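These notes are about the structure you will find just below.
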Amino acid sequence: MTRQKTKTCRVCKSPFIQTRPMQPVCSAFECKVEFAQRAANKSKRQREQTERAAYRAAKEKIKTRREWIKNAQTVFNTYIRLRDRGKDCISCGRPLGDCAIGGDYDAGHYRSVGSAPHLRFEPKNVNGQCKKCNRYGAGMAVDYRIGLIKRIGLDSVEAIESDQTSRKWSVEELKELISRYSSLIKTMKKESAK
């Protein structure tokens, strides 16, 4: 004589005696229908996730180098804004706000991306700058230099100014850069949430 096993129904949570091997629900019709619907929904969600992942992978394959640079710049600028949150504007010295990222201050480049594209992802070349100085004050280069000397020292500023190396970012380098700064952003957000 086989011993009957008591289980808990996965839908209504009431105890029942298992009549078939691996029976997940009790004998109530509503529980059987509900369990079948849940299984169908789960399989549909998994299928949709697989399709979305395949779509993202296909979209990533056709991305141009310019699009990778744009994505890397967005992630890098977000990192700079988080790093410099609560500091003063590098040019005018006014306190940078604490509002949402992309809100009241920019990640301003000392040597612009147009004149020195090889320094676009150099953290010492990019600092928190109020929008008034960055956008409407043409970067305030002289004041930026004075603030930068105070922040990182004259030797570092002169190293940035004399850096004329030519550099062309490969897609792999851009992907690695995005990954590195994304992980730094996550860490900084976790620390600021504490």
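Tabulated data for the structure shown
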{"quantity": "Number of positions in the stretch 129-174 that are open to solvent by less than 50 Å² (accessible area, probe 1.4 Å), of a type in the set (S, T, N, Q) and over 13 Å from ASP106 (Cα atoms)", "calculated": "2"}
{"quantity": "Cross-chain or 6+ apart pairs with Cβ under 6 Å, the stretch 12-29 first and on the phi > 0 side of the Ramachandran plot, then part of a loop (DSSP other than H, G, I, E, B) and of a type outside the set (A, V, I, L, M)", "calculated": "none"}
{"quantity": "Those residues of the stretch 43-87 which are without any contact (Cβ under 8 Å) to a residue 12 or more places away in the chain and within 22 Å of LYS131 (Cβ to Cβ), in sequence order", "calculated": "LYS70, THR74"}
{"quantity": "Residue in the stretch 90-112 that is open to solvent by 60 Å² or more (accessible area, probe 1.4 Å) and among the β-branched types (Val, Ile, Thr) present", "calculated": "yes"}
{"quantity": "Some residue of the stretch 147-159 being among the small types (Gly, Ala, Ser) and in contact with a Gly (Cβ under 8 Å, 6 or more places away or on another chain)", "calculated": "yes"}
{"quantity": "Of all residues in the stretch 21-66 being among the aromatic types (Phe, Trp, Tyr) and either loosely packed, with under 12 Cβ neighbours inside 10 Å or assigned to a loop (DSSP other than H, G, I, E, B) (or both), the one that is farthest from the chain's Cα centre (by Cα)", "calculated": "PHE29"}
{"quantity": "The lone exception for LYS63 - which of (1) within 28 Å of LYS168 (Cβ to Cβ); (2) touching a Phe, Trp or Tyr at 6+ places or on another chain (Cβ under 7 Å) it fails", "calculated": "(2)"}
{"quantity": "Cross-chain or 6+ apart pairs with Cβ under 9 Å, the stretch 161-183 first and of a type in the set (Ser, Thr, Tyr), then outside any helix (DSSP H, G or I) and surrounded by 14 or more Cβ atoms within 10 Å (Cβ to Cβ)", "calculated": "TYR181/PHE121"}
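The values are calculated or read from the model by the stated rules, or taken from the named source; none is laboratory data. Note that this is a predicted model, so its numbers are computed, not measured. Neighbour counts run over all protein chains shown; Cβ positions are idealised from the backbone, glycine included. For accessibility, only protein heavy atoms count, side chains too; no ligands or nucleic acids. Shrake-Rupley method; radii C 1.70, N 1.55, O 1.52, S 1.80 Å.
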